[in-house]
Amino acid sequence: MVYQIYPRSFADSDGDGIGDLGGIAQRLGHIHALGVDVIWLSPVYRSPQVDNGYDISDYRDIDPLFGTLAQFDELLTEVHRLGMKLVMDLVVNHTSDEHPWFVESRSSREHPKRDWYVWRDAREGAEPNNWASFFSGSAWTWDDTTGQYYLHLFDRRQPDLNWENPEVRKAVHDTMSWWLDRGVDGFRMDVINFISKVDGLPDARPVPGQRFVSALDRFADGPRVHDYLAEMRREVFGSRDAEFITVGEMPGVTTEQARLYTDPARGELDMVFQFEHMSIEQAPNDKYVFAGLDLVALKKSLHRWQAALADAGWNSLYWNNHDQPRVVSRFGDDSPEYWAASAKALGTVLHGMRGTPFVYQGEELGMTNFPFRSAQDFVDLEAVNYHRGVLDGGGDAAAALAGLAHFSRDNARTPMQWEPGPNAGFTTGEPWLAVNPNHSWLNAAAQVDDGDSVFAHYRALIRLRHELPVLVDGDLTPLWEEDPQIWAYVRRTAGTALLVVANCGRDRRTVDVGPEWLTAELVLGNLAGTPAAIESTGLHLGGWDARIYVKGRQSYPNQVR
């Protein structure tokens, strides 16, 4: 199981209002107590922080905001001492415009590093193509010094590297090797399926009324991406004896592509992050428009990925990360009555599936979305640009604010809620982003020693995955897939069967589980008073009631999986 830390918001040790490596070190006990196997650390490299560290200006140094290389080494040593691994965030589709590589590249058309980035002449006095940036506007910016445009799929201060250049690839490989030599255990690779663009960078299909349009099919899963990843595996990991973890973030990836990326026989990646289930309730042409949650569609999406990677490759399992709103507010019920039960239920259905679960900081507490009231509450660059674009285009400002409140990345980035006191125990200073006011009752201090808390439930889910082979190796068969409220499936190995069933709504329900499950053992439930065994084929479920039953239980003897 992997736990993601967003350092800026996790814990602040020096009172400047920004989380840091010292704060992480102070709170490692919390992560270890949860039962975590691997920590994924979002970027802590030197950076101008235009995109909160995903704009890197030096791949081999720690940003002073977070600490020093010496502190990183001390943290890594302690993580390993506690029996956990540490994975770094690798951002190599683009760099910061302050990276020395780009400073040199833009200095002259004749500079040896000119071809390290993607430069093009103007087309009829305008941008080279109609690609839109993910952060609004064109994906091209004009550079007066050399009289050309450079490509940036994200902010204009995040120019894209030219992976066609073998020198770029070697520089990336060398950087990765430098961190592996330092002791890190692998990499989560940011938008890694964007590194190979379609030859010629052709226009995306036009959209009426839009000058710049989404061009995902022009740069996602491009013509040489598999070659580049296979080369990376050979050059960086090939001669090393230790086992390392590689996870590729891949917007737009299909199940067919994911099978190729994660097939062990091909030697590319261990798993990918796909986004299909993260767009279920978003409007097709605007991610900030809430189109309504369809639980059947959500179930079918995740079940389809389970089936697609059942015999080749491996799934990542996640609800939350630094780019997604809080799941209990998104797919659950964050009302006082059902907040805890729905947080546990959603954790149950996800952790019961086949794949590697990822928990984002605060998810194990059931942290909720922030109660945004105005556009000034948002800090995230993407949210700020979106709101400005709506206003500039004469759009509905109130609707834009409602969409941002539901989907903004700032929901995930509010400070970790450690205690009920000032600033939730995150900092003694002024936090860089406002703390959710519900920290007065929703916090780690209130949950860690409470056997009925969301934290206790997540710890039990993680323990079960360490104990029961069926949760790792078993196949998955969906049940009642068309039911708009019940989420259920069966996991099986040769000697064990496991039933996961959750009522994802407030209304009580009864489901017929059949005689096979009579006397099955309850190994985890999220509501007090759940019977220890199934005594009738008619299983009565309360609101947001989630349970895991097992038959023919087999355990790992003193083994962690």
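Figure legend. Inter-residue proximity from region 70-92: first residues among the charged types (D, E, K, R), second residues assigned to a helix (DSSP H, G or I) and at pLDDT 95 or above, beta-carbon distance below 8 Å, spacing 6+ or different chains. Indicated pairs: Asp73/Arg182; Glu74/Ala25; Glu78/Ala25; Glu78/Leu28; Lys85/Val79.
When you look at Asp51, is it touching a residue at least 60 places away in the same chain (Cβ under 8 Å), buried (at least 22 other Cβ atoms within 10 Å of the Cβ) and closer than 24 Å to Gly248 by Cα, yes or no? Break it down into steps so the answer makes sense when it comes.
Numbers: touching a residue at least 60 places away in the same chain (Cβ under 8 Å): yes; buried (at least 22 other Cβ atoms within 10 Å of the Cβ): no; closer than 24 Å to Gly248 by Cα: yes.
Judged against the criteria, Asp51 is not a match.
Would a scan of region 183-196 turn up a residue that is touching a helix residue (DSSP H, G or I) at 6+ places or on another chain (Cβ under 9 Å), farther than 25 Å from Leu153 by Cβ and of a type outside the set (A, V, I, L, M)? The answer is yes, given that some residue of region 183-196 is touching a helix residue (DSSP H, G or I) at 6+ places or on another chain (Cβ under 9 Å), farther than 25 Å from Leu153 by Cβ and of a type outside the set (A, V, I, L, M).
Does Ala434 satisfy the criteria of being part of a loop (DSSP other than H, G, I, E, B) and in the same structural domain as Leu65 (by TED's automatic domain parsing)?
Against the criterion (part of a loop (DSSP other than H, G, I, E, B) and in the same structural domain as Leu65 (by TED's automatic domain parsing)), Ala434 qualifies.
If you go through region 272-315 and keep only what is of a type in the set (Gly, Ala, Ser), touching a strand residue (DSSP E or B) at 6+ places or on another chain (Cβ under 8 Å) and over 26 Å from Phe135 (Cα atoms), you end up with Ala307, Ala310, Gly313.
A search for C-beta distances below 6 Å between a residue of region 199-218 that is touching a residue at least 60 places away in the same chain (Cβ under 8 Å) and any residue that is part of a helix (DSSP H, G or I) and basic (Lys, Arg), counting only pairs 6+ apart in sequence or on different chains, returns Ala204/Arg218.
Yes or no, residue by residue, for (1) touching an Asp or Glu at 6+ places or on another chain (Cβ under 7 Å); (2) surrounded by 21 or more Cβ atoms within 10 Å (Cβ to Cβ); (3) at pLDDT below 95; (4) closer than 22 Å to Gly362 by Cβ:
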| residue | (1), (2), (3), (4) |
| --- | --- |
| Phe275 | no, no, no, yes |
| Asp286 | no, no, yes, no |
| Ala291 | yes, no, yes, no |
| Leu295 | no, no, no, no |
| Ser301 | yes, no, no, no |
| Ala307 | no, no, no, no |
| Gln324 | no, no, no, yes |
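Gly238 meets all of the listed conditions (1) out of contact with any strand residue (DSSP E or B) (no Cβ under 9 Å at 6 or more places or on another chain); (2) in contact (Cβ under 8 Å) with a residue 12 or more places away in the chain; (3) not β-branched (Val, Ile, Thr) but one, namely (2). Which residue is farthest from Arg553 (Cα to Cα), if the candidates are limited to region 452-468 and must be touching a residue at least 12 places away in the same chain (Cβ under 8 Å) and aliphatic (A, V, I, L, M)? Within region 452-468, the match that is farthest from Arg553 (Cα to Cα) is Val454. Quick check on Arg463: is it basic (Lys, Arg), out of contact with any His (no Cβ under 6 Å at 6 or more places or on another chain) and farther than 17 Å from Ser342 by Cα? Yes; evaluated as a whole, the condition is true for this residue.
Can you report the number of residues in region 75-120 which are part of a helix (DSSP H, G or I), closer than 23 Å to Tyr54 by Cα and out of contact with any Phe, Trp or Tyr (no Cβ under 7 Å at 6 or more places or on another chain)? Can you show your working first?
First, pick out the residues of region 75-120 that are part of a helix (DSSP H, G or I): 75-81, 100-105, 114-116.
From what is left, the residues that are closer than 23 Å to Tyr54 by Cα are 75-76, 100-105, 114-116.
From what's left, out of contact with any Phe, Trp or Tyr (no Cβ under 7 Å at 6 or more places or on another chain): 75-76, 100, 103-104, 114-115.
Of the residues in region 75-120, 7 are part of a helix (DSSP H, G or I), closer than 23 Å to Tyr54 by Cα and out of contact with any Phe, Trp or Tyr (no Cβ under 7 Å at 6 or more places or on another chain).
Among residues of region 326-353 being more than 17 Å from the chain's Cα centre (by Cα) and charged (D, E, K, R), the one that is surrounded by the most Cβ atoms within 10 Å (Cβ to Cβ) is Lys344.
In the set Gly222, Gly186, which member is modelled with pLDDT of 95 or more, assigned by TED's automatic domain parsing to the domain that holds Pro48 and under 30 Å from Asp73 (Cα atoms)?
Working: Gly222 fails: under 30 Å from Asp73 (Cα atoms).
The conditions single out Gly186.
Exactly one residue among Arg123, Arg114 is among the charged types (D, E, K, R) and either crowded, with 20+ Cβ neighbours inside 10 Å or over 23 Å from Leu216 (Cα atoms) (or both), and that residue is Arg114.
If you go through region 512-544 and keep only what is small (Gly, Ala, Ser), touching a Lys or Arg at 6+ places or on another chain (Cβ under 8 Å) and in a loop (DSSP other than H, G, I, E, B), you end up with Ala520, Gly542, Gly543. When region 545-561 is limited to residues that are part of a loop (DSSP other than H, G, I, E, B) and of a type in the set (Lys, Arg), the one that is modelled with the highest pLDDT turns out to be Arg553.
Residues in region 445-495 that are among the basic types (Lys, Arg) and in contact with a strand residue (DSSP E or B) (Cβ under 8 Å, 6 or more places away or on another chain): Arg465, Arg491, Arg492. Scanning region 453-502 for residues that are part of a strand (DSSP E or B) and in contact with an Asp or Glu (Cβ under 8 Å, 6 or more places away or on another chain), we see that the one that is nearest to Arg547 (Cα to Cα) is Ala502. Listed by position, the helices (runs of 4 or more DSSP H) contained in region 240-342 that have at least 1 residues being in the same structural domain as Gly186 (by TED's automatic domain parsing) and farther than 28 Å from Pro43 by Cα are 255-262, 295-308.
Close contacts from region 388-409, counting a first residue that is in contact (Cβ under 8 Å) with a residue 40 or more places away in the chain and a second that is part of a helix (DSSP H, G or I) and of a type outside the set (Phe, Trp, Tyr), with Cβ to Cβ under 7 Å and a gap of 6+ residues or different chains, come to Ala400/His387; Ala400/Val390; Leu404/Ala383; Leu404/His387; Ser408/Ala383; Arg409/Glu382; Arg409/Ala383. Considering (1) of a type in the set (Gly, Ala, Ser); (2) without any contact (Cβ under 8 Å) to a residue 12 or more places away in the chain; (3) closer than 19 Å to Ser279 by Cα, the lone condition that Ser316 does not fulfil carries the number (2).
Considering only region 388-405, I want to know if a residue exists there that is out of contact with any strand residue (DSSP E or B) (no Cβ under 7 Å at 6 or more places or on another chain), outside the structural domain of Pro48 (by TED's automatic domain parsing) and on the phi > 0 side of the Ramachandran plot. For region 388-405, residues out of contact with any strand residue (DSSP E or B) (no Cβ under 7 Å at 6 or more places or on another chain), outside the structural domain of Pro48 (by TED's automatic domain parsing) and on the phi > 0 side of the Ramachandran plot: present.
The values are calculated or read from the model by the stated rules, or taken from the named source; none is laboratory data. In this text, all values refer to a predicted model and were calculated from it rather than measured experimentally. Note that each Cβ is placed from the backbone with ideal geometry, even for glycine, and that neighbours are counted across all protein chains shown.
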